[in-house]
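The values are calculated or read from the model by the stated rules, or taken from the named source; none is laboratory data. These numbers come from a predicted model, not from an experiment. Cβ sites come from the backbone with ideal geometry, for glycine too, and all protein chains shown count toward neighbours.
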Amino acid sequence: MTATWIKPTTYVFAARALRDFADAFIAILLPVYLLGLGFSPLQVGVVATASLFGSALLTIGVGLIGVRLDLRSLLLVAAGWMAASGVAMSVANDYLPLLAIAFVGTMNPSAGSVSVFVPLEHAVLARDTPDRERTSTFARYSLAGALAGALGGLAAATPDVITSLGLEQLSAIKLMFALYAALGLLGGLLYARIPPRPATHELERPAPLGPSRSIVIRLAALFSLDAFAGGFAVQSLLALWLFERFDLSLSQAGVFFFGTGVLSAISFPVAARLSRRIGLINTMVFTHIPSSVALALAALAPSLPLVLALLLVRAALSQMDVPTRSSYVMAVVTEAERAAAASFTSVPRSLAAAASPALAGALFAASYRAWPFLICAALKITYDLLLLVQFRHLKPPEET
């Protein structure tokens, strides 16, 4: 039986941590694996696009059936699918099977919040959290994932350790895919501890979008622009850029992405505290714009130390909108619409993010390696300004 003194949100935090740990090392190892198999940067970008587009379709499915099924049941199915994805990837070598696995599986080249798990977890957290604690809860949720993701970045160096013992690099990376599968199963065990929704509580049953439809559609459109921009700089492509431009090793990349993960983690509780002073929308916008400027400068910087310093600045700021954005969406819709709103805002994000990695891969292949990051920065700044103009007057309950 579930321990009554442990909140359901605790199991969600722990499952998110396992998943982000896995996503972080996969995001770094995937381009290395594909390049090691002889594929081009363009093909790497296409795999990233297929993965994100597949995630969008899975999230659409969740949005369609989530109003009828228990959130815990859907999370258990997703965890099983994650395990199957890792096993399939560990045995595939040819491009078309790998592309198909990326499309139908759960592997996340962005090492972030573009995932079928996210709207389900958001709905569970919002259901079990009072308004006054909502932003702090989402900050702790993001903090758990970011700290685990930082450790996952370090874990990306594991194949280097294994190869020093005599195993080939590609075989070592396959073992990491198997670890990804095992972490999916462990996440499923945690989701199983979440109490099921009582059948008698009709008011807690999710509902399709209704009174909040206009708000959610406008937010989804803006979030799509943000996600499309972010697709030009997903972590797999950023790692690929560092590998190709500066010849970073897996160990060096692992240490660097550990640092970015730690900075992102620190930023989440800071974002929650800042939002109480200046509001959720202002926190999202006024931390996001400087991070985009740092990315643009990094794309043009001439030396590796300066590039890494600017990317660390970006990491310290770029994710502060994650818990605040999640909290804001849950705040401005009715309780019954939360699952649908989380899904509806996640699906366009996933679809938009899926389009840009292939474009970035094409730019890489044409030797325009800085352009994806410059495009990303420009589009993200546009998104921030539009968000500020359209939603600065729509306050969540705790700000009114």
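With respect to A341, is the statement that it is in contact (Cβ under 8 Å) with a residue 12 or more places away in the chain and either surrounded by fewer than 20 Cβ atoms within 10 Å (Cβ to Cβ) or part of a helix (DSSP H, G or I) (or both) true?
Answer is yes for this residue.
Would you pick out the residues in the stretch 91-104 that are buried (at least 17 other Cβ atoms within 10 Å of the Cβ) and within 17 Å of S171 (Cα to Cα)?
A92, L98
Restricting to the stretch 206-228, name every residue that is touching a helix residue (DSSP H, G or I) at 6+ places or on another chain (Cβ under 7 Å) and either modelled with pLDDT under 75 or not in a helix (DSSP H, G or I) (or both).
P206, A207, P208, L209, G210, S212
Out of curiosity, is L237 modelled with pLDDT of 90 or more and outside any loop (DSSP other than H, G, I, E, B)?
no
Conditions tested, residue by residue: (1) in contact with a Phe, Trp or Tyr (Cβ under 6 Å, 6 or more places away or on another chain); (2) over 27 Å from T345 (Cα atoms); (3) touching a residue at least 24 places away in the same chain (Cβ under 8 Å); (4) surrounded by fewer than 20 Cβ atoms within 10 Å (Cβ to Cβ).
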site: I281; (1), (2), (3), (4): yes, no, yes, no
site: S292; (1), (2), (3), (4): no, no, yes, no
site: A298; (1), (2), (3), (4): no, yes, yes, no
site: V313; (1), (2), (3), (4): no, yes, no, yes
site: Q319; (1), (2), (3), (4): no, no, yes, no
site: T324; (1), (2), (3), (4): no, no, yes, no
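Filter the helices (runs of 4 or more DSSP H) completely within the stretch 113-197 down to those with at least 1 residues that are closer than 25 Å to T345 by Cβ.
Answer list for the stretch 113-197: 117-127, 131-155, 169-191.
Just to be sure, is T10 touching a residue at least 60 places away in the same chain (Cβ under 8 Å), within 20 Å of G145 (Cβ to Cβ), among the polar types (S, T, N, Q) and not in a loop (DSSP other than H, G, I, E, B)?
No, not satisfied.
Under 7 Å between Cβ atoms, which residue pairs at least 6 apart in sequence (or on different chains) link something in the stretch 365-387 that is in contact (Cβ under 8 Å) with a residue 40 or more places away in the chain with a partner that is basic (K, R) and in a helix (DSSP H, G or I)?
R369/R245
Is it true that some residue in the stretch 364-381 is over 23 Å from the mean Cα position of the chain (by Cα), part of a helix (DSSP H, G or I) and of a type in the set (S, T, N, Q)?
Among the residues of the stretch 364-381, not one is over 23 Å from the mean Cα position of the chain (by Cα), part of a helix (DSSP H, G or I) and of a type in the set (S, T, N, Q), which makes the answer no.
Given the criteria in contact with a Pro (Cβ under 7 Å, 6 or more places away or on another chain) and among the aliphatic types (A, V, I, L, M), does A370 qualify?
Considered against the rule, which asks whether it is in contact with a Pro (Cβ under 7 Å, 6 or more places away or on another chain) and among the aliphatic types (A, V, I, L, M), A370 comes out as no.
Which residues, taken from the stretch 354-386, are over 21 Å from P290 (Cα atoms), crowded, with 23+ Cβ neighbours inside 10 Å and among the small types (G, A, S)?
A354, S356, A360, G361
Could you tell me whether L387 is farther than 28 Å from T137 by Cβ, assigned to a helix (DSSP H, G or I) and more than 17 Å from the chain's Cα centre (by Cα)?
Considered against the rule, which asks whether it is farther than 28 Å from T137 by Cβ, assigned to a helix (DSSP H, G or I) and more than 17 Å from the chain's Cα centre (by Cα), L387 comes out as no.
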